[in-house]
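First the structure, in the form of structure tokens, and then the observations on it.
The values are calculated or read from the model by the stated rules, or taken from the named source; none is laboratory data. Only a predicted model underlies this, so the values are computations on that prediction, with no experimental measurement involved. Cβ placement follows ideal geometry from the backbone for every residue including glycine, while neighbour counts extend to all protein chains displayed. Only protein heavy atoms, including side chains, enter the accessible area calculation; ligands, DNA and RNA are left aside. Shrake-Rupley method; radii C 1.70, N 1.55, O 1.52, S 1.80 Å.
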Amino acid sequence: MADDMGIFETMYNCRAMRRLKRDPVPEELLLKLIDAANQAPTGSNAQGARWIVVRDGQQRAKLAALNKAAVEAYVAPGGGRASALPHQSAGKRQRMLAAVKWQAEHLQDIPALIIACYQFGQPVARGQAMGGGSIWPAVQNLLLAARALGLGAAPTTLALANRAAAREVLNLPADVEAFCLVPVGYPMGRFGPVTRLPVEETVHWDRWGKPPTTGP
């Protein structure tokens, strides 16, 4: 367990871990993740983040089937997935794809599937997808807490792509929207530093394309 990691060390070493062991995660650790997630800010301090922790085998199997169907469509020819990116070689993309496929085949075996939801207090309308601003910071808190505790986690929206089917499996009330599924477990591989674009390639100053101001 590495819950004494500094915040920057945690962020810079928070790889997406998709291959996870079957070993159960203690309930107290799962609750610790969600408690950390709930510390994130929400719009108007509404605190509408809600969490479904799926441990039942039949429930996991149902969600795994939805995820597998979406993954198969995504990785199929014409599915919209880029084979290479300027900052990621085709080889690295293939390794990432292999991990995604592994997870699709084994999602039902991962001990805990955490569904990040938001309760709006009124029937969910399409435009309320913007409520993600009040749930995604909580998801990031959960991911950082998982890394600090030595747990693997990586969010996916593919498992919820068939929204009607996912709502039925999860028995969501009309005022609750599910945003992502986070598989949580002990990683098969090792944590290490993430590889990201240099900050100089991603930041603009005052307006798009403006270089930083230098001098007085």
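Please enumerate the residues belonging to segment 150-168 that are touching a helix residue (DSSP H, G or I) at 6+ places or on another chain (Cβ under 8 Å) and either buried (at least 19 other Cβ atoms within 10 Å of the Cβ) or not in a helix (DSSP H, G or I) (or both).
The initial filter retains those residues of segment 150-168 that are touching a helix residue (DSSP H, G or I) at 6+ places or on another chain (Cβ under 8 Å), namely 151-156, 158-162, 165-166.
Selection gives LEU151, GLY152, ALA153, ALA154, PRO155, THR156, LEU158, ALA159, LEU160, ALA161, ASN162, ALA166.
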### Query
Do we find a residue being on the phi < 0 side of the Ramachandran plot, open to solvent by 50 Å² or more (accessible area, probe 1.4 Å) and at pLDDT 95 or above anywhere in segment 118-130?
no
### Query
Hey, does segment 34-49 have a residue that's more than 24 Å from LEU143 (Cα to Cα), modelled with pLDDT under 95, surrounded by 13 or more Cβ atoms within 10 Å (Cβ to Cβ) and among the aliphatic types (A, V, I, L, M)?
no
#### Entry: Residue identified as surrounded by 12 or more Cβ atoms within 10 Å (Cβ to Cβ), touching a helix residue (DSSP H, G or I) at 6+ places or on another chain (Cβ under 9 Å) and at pLDDT below 75 among ARG147, ARG81, ARG93
ARG81
### Query
Given the structure, is ARG60 at pLDDT 95 or above, farther than 14 Å from ALA148 by Cα and either part of a loop (DSSP other than H, G, I, E, B) or open to solvent by 50 Å² or more (accessible area, probe 1.4 Å) (or both)?
no
### Summary
For segment 1-28 the number of residues that are part of a helix (DSSP H, G or I) and under 18 Å from MET188 (Cα atoms) is 0
